[in-house]
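The values are calculated or read from the model by the stated rules, or taken from the named source; none is laboratory data. Model, not experiment: these values are computed from the prediction. Cβ sites come from the backbone with ideal geometry, for glycine too, and all protein chains shown count toward neighbours. SASA here: full protein model, heavy atoms, side chains in, ligands and nucleic acids out. Shrake-Rupley method; radii C 1.70, N 1.55, O 1.52, S 1.80 Å.
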Amino acid sequence: MTDKQRNILIVDDDEDILTAAKLLLKRQFGHVQTCNDPTQLPALLSANHFDAILLDMNFSPGESSGQQGFIWLARILEMDPDAVVVMITAHGSMSVAVEAMKHGATDFVAKPWQNEKVVATLSAAVKLRASRAEAQSLKLSNKALAAASSASEQSLLGSSAAIREVLSLIERSAPTDANILIMGENGTGKELAARLVHQRSNRANAAFMSIDLGAVSETLFESELFGHRKGAFTGANEDRIGRLEAANGGTLFLDEIGNIPLHLQAKLLTVLEQRQVTPVGSNKSVGFDVRVISATNVTRAQLADEAIFRQDLLFRLNTVELTLPPLRQRREDIVEIATYYAGLYARKYHKPQLQFSERALEAMQAYDWPGNVRALRHATERAVILAENGSYDIEDLQLKAPVSAPAQQAESEPSISDYGLNLGDMEKRVIETALQKHRYNISHAAKELGITRAALYRRMEKYGF
């Protein structure tokens, strides 16, 4: 919207002032209304939207205290808290004008005024109103998006005693600001649990920032978390805000926390203790207020090893500790989870939702599900896509054969001739071997394969793991 489309209101009991101001301002602004009686303000504000209001401070003959202006300023802001009000004051009453600004006025102009000064002041005022409206719109949009996300995001699925215990811990800890450490194998739903904590916390309307530390190189760790200033290092072509500062007021989810090297653990600990972050290339610290939720697939024994993880950082992160059970330890939830995802993917692919055959149900409940819920979700998606006999059958799930013991594998090491020379088939076999070797620990498998976690996830999607 341009200034020509703005709506200005001038309130003054002097008709000469009203006429002169209207003639001046209508060149710059599209709509200029005048009012010589402030008692009309409630009706005017109810019927119109004003981008700026020019308000006199005295409305009675001989009055110079400005008290009437204070009264009407308060009434305007009561009716429209985002109103932008510029006060009109006599040249010798600067202290009164300053006092008015303390009460909520945006600016003031002194009589007799300079035309350029009035136009510049009103132009700045309407821009301020526009920025306030934009900020309010963004706030409402973020709130709506958060509500929509909360409504659409499924909870941790299942009704077993193990998952009920996890949900109980979330219900009790979410309303607090306690830091939470979520432990569990890959695919058990650690990020989903973190989002659930955020949604049920007092920070639900603020940001939920997630960062996969397993995918962040050591050289970019500080830049990602703490931010950087332009020119801080090669490639830093502009200022960048870090995740900690971006999550201010909300929740920061640190996934794969167990993969951070010891020297970077020390830096993270210092920042979390001081609640201040210094962007790379800056000498100025910035305060932040975030709740930290961390997750790892590293075992409790490994976390307790000082050579792997700093214990003082561990104490800082796990005020409350959640452990998500693997799917093989809550087999009674498998059918419920598979049915949920079958409905989800049937809607996605515009297919009828079918029932699982008895053979498929037996196979799913007997399977150990390396990869846990993520693997079950992928298998269900395949079944929805492939089913053609009126039900989801065992062949549609395409379950992988059980992982052989290392000793058995060593007895008959496969050769290239066993795979054929198709590059796609060979890549699929290599990825499957790495996943099985590391029991579907994505970080460890990706490291051995020499690729990033993100690249491994893409290949897993490609080959249906």
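For this structure, a couple of remarks:
- The range 176-332: relative contact order in percent, alpha carbon pairs under 8 Å with at least 6 residues between: 36
- Per residue solvent-accessible surface (Å²) - the chain, probe of 1.4 Å: 51
- Ratio Rg/Rh, restricted to the range 233-322 and using Cα atoms, in which Rh is the Kirkwood radius: 0.99
- Loop-located GluC sites (Glu not before Pro) in the range 301-384 (DSSP state other than H, G, I, E, B) with a sparse environment of at most 15 neighbouring Cβ atoms within 10 Å: E306.
- One equal scatterer on each Cα of the chain, no solvent, Debye formula: the resulting log10 I(q)/I(0) at q = 0.09 Å⁻¹ is -0.80.
- Taking the Cα centre of the chain as origin and assigning +1 to Lys and Arg Cβ atoms and -1 to Asp and Glu Cβ atoms, the resulting dipole is close to 360 debye.
- Given +1 at the Cβ of Lys and Arg, -1 at the Cβ of Asp and Glu and no other charges, the dipole of the range 203-253 around its Cα centre is 180 debye to the nearest 20.
- Cβ-based net charge around D107, under 13 Å, with every Lys or Arg adding one and every Asp or Glu removing one: +4
- Taking the longest Cα principal axis of the chain as reference, the axis of helix 372-386 is set at about 80 degrees.
- Where only DSSP H runs of four or more residues are counted, the chain gives -14500 deg cm²/dmol as its mean residue ellipticity at 222 nm, each run worth -39500 (n - 2.57).
- Neighbourhood net charge (13 Å Cβ-Cβ; Lys/Arg +1, Asp/Glu -1) for Q365: -2
- Cross-link pairs exceeding 19 Å between alpha carbons, from the set K230/K284; K428/K462; K26/K102; K267/K447: K26/K102; K267/K447.
- Computed from label points 7 Å out along Cα-Cβ, the spacing between A307 and L423 is 4.1 nm.
- Taking the DSSP beta bridges with both ends in the chain, the antiparallel portion is around 10 percent.
- Taking the chain and dividing mean pair separation by its residue count, relative contact order in percent (alpha carbons under 8 Å, at least six apart): 11
- Where labels lie 7 Å past Cα in the beta-carbon direction, separation of T176 and A366 in nm: 4.5
- Between the helical axis of 161-173 and the longest alpha-carbon principal axis of the chain there is an angle of about 20 degrees.
- Fraction of accessible area attributable to carbon and sulfur, the chain (%, probe 1.4 Å): 51
- Under the combined filter of DSSP loop state and at most 16 neighbouring Cβ atoms within 10 Å, the range 60-128 retains these GluC sites (Glu not before Pro): E63.
- Quotient of Cα Rg and 2.2 N^0.38 Å for the range 1-43, N being how many residues it contains: 1.18
- Under 12 Å, Cβ to Cβ, from A295 - net charge with Lys/Arg +1 and Asp/Glu -1: -4
- Ordering Q199, A454, L244 by Cα displacement along the dipole of the chain toward the positive end leaves A454 in first place; charges were set at the Cβ atoms of Lys, Arg (+1) and Asp, Glu (-1).
- Taking every alpha-carbon pair within the range 211-252, the share separated by more than 17 Å comes to 32 percent.
- Look at the alpha carbon pairs under 8 Å that are at least 6 residues apart: their mean separation over the length of the range 147-226 gives a relative contact order of 28 percent.
- Exposed trypsin sites (Lys or Arg not before Pro) absent: longest stretch of the chain, with sites in DSSP loops and at most 13 other Cβ within 10 Å deemed exposed: 28-229
- Degrees between helix 334-348 axis and first principal axis of the chain (Cα, 0 to 90, nearest 10): 60
- Stretch gain in nm, segment H49-S65, where the contour uses 0.36 nm per residue and the Cα spacing is subtracted: 2.9 nm
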